[in-house]
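Working notes, structure below.
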Amino acid sequence: MSASCHHVDTFDGASPAYRRALLAVIMINATMFLVEMWFGIRGESQALKADALDFLSDSATYAVSLWAIGKASGVRSKVALLKGYSLLFIAAWVLCSTVYYAVVANSPAAPIMGSIAMAALLANLASVLLLLRFRDGDANVRSVWLCSRNDTIGNAAVLLAAGLVYVTQTHWPDLIVAFLLASLFSSSAVQIIRQARQERLAEPHSHH
């Protein structure tokens, strides 16, 4: 439970503990992008590749979030807007490539999907635990929390898809999960963009 419940005093990430947590999460995400993309290509899994792209996007946007800490609120809300739009772009890419693979698909390798999704799930759970106490804050801080939470949901879904691919011996569970991940990215992008816009509108009134 947060000590200060006032909306005026929104946490902007300016604490050494938050910087350390964010740095650790950036390292976890960058490593998992490389691992998941490699195995996504090897195992011909759209859901793994979609998830790997999300890890890449998170590494980049968390690095920008780290840079934005302590900057003026206008800068922080612009950074959050950029993150929201990049998440929308990824959602569109995942959606288009999923439709493409639905037409020309091979069944993905379920054992590769399952084992890598399990590793990614553990990596994301570690990130979520590191960020848990910083989940409420300005659009910049909140976008980091939303992305980490999404990743954990996404990995659980990829694990489920791997099981269903194995049982059904078809590519449909993989494609359905990739599609659901695209929807989740879109919904978070809209939340981040909305909060960032509200902060930009409120900014002239709170500061000179």
Might you let me know whether the range 125-146 holds any residue that is within 25 Å of Glu44 (Cα to Cα) and crowded, with 24+ Cβ neighbours inside 10 Å? no
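Could you check, for the range 15-22, whether at least one of its residues is buried (at least 23 other Cβ atoms within 10 Å of the Cβ) and part of a helix (DSSP H, G or I)?
Here is the first cut: in the range 15-22, the residues buried (at least 23 other Cβ atoms within 10 Å of the Cβ) are none.
No, the range 15-22 contains no residue that is buried (at least 23 other Cβ atoms within 10 Å of the Cβ) and part of a helix (DSSP H, G or I).
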Would you tally the residues in the range 23-32 being of a type outside the set (Val, Ile, Thr) and surrounded by fewer than 22 Cβ atoms within 10 Å (Cβ to Cβ)? 4
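Going by the structure shown, is Arg197 basic (Lys, Arg) and either over 22 Å from Ala24 (Cα atoms) or touching an Asp or Glu at 6+ places or on another chain (Cβ under 6 Å) (or both)?
Numbers: basic (Lys, Arg): yes; either over 22 Å from Ala24 (Cα atoms) or touching an Asp or Glu at 6+ places or on another chain (Cβ under 6 Å) (or both): yes.
Answer is yes for this residue.
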Can you confirm whether Lys49 is of a type in the set (Lys, Arg) and more than 30 Å from Gln169 (Cα to Cα)? no
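Picking from Gly74, Gly154, which residue would you name as being surrounded by fewer than 17 Cβ atoms within 10 Å (Cβ to Cβ), in a helix (DSSP H, G or I), touching a helix residue (DSSP H, G or I) at 6+ places or on another chain (Cβ under 6 Å) and not hydrophobic (A, V, I, L, M, F, W, C)? It would help to see each step written out before you state the result.
Values: Gly154 fails: surrounded by fewer than 17 Cβ atoms within 10 Å (Cβ to Cβ).
When all the criteria are applied, what remains is Gly74.
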Contact list please: Cβ distance under 9 Å, first residue in the range 53-66 and over 14 Å from Asn150 (Cα atoms) and in a helix (DSSP H, G or I), second residue modelled with pLDDT of 85 or more and among the basic types (Lys, Arg), pairs at least six apart or on different chains. Leu66/Arg19
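The values are calculated or read from the model by the stated rules, or taken from the named source; none is laboratory data. Remember, predicted model here, so these are calculated numbers, not experimental data. Note that each Cβ is placed from the backbone with ideal geometry, even for glycine, and that neighbours are counted across all protein chains shown.
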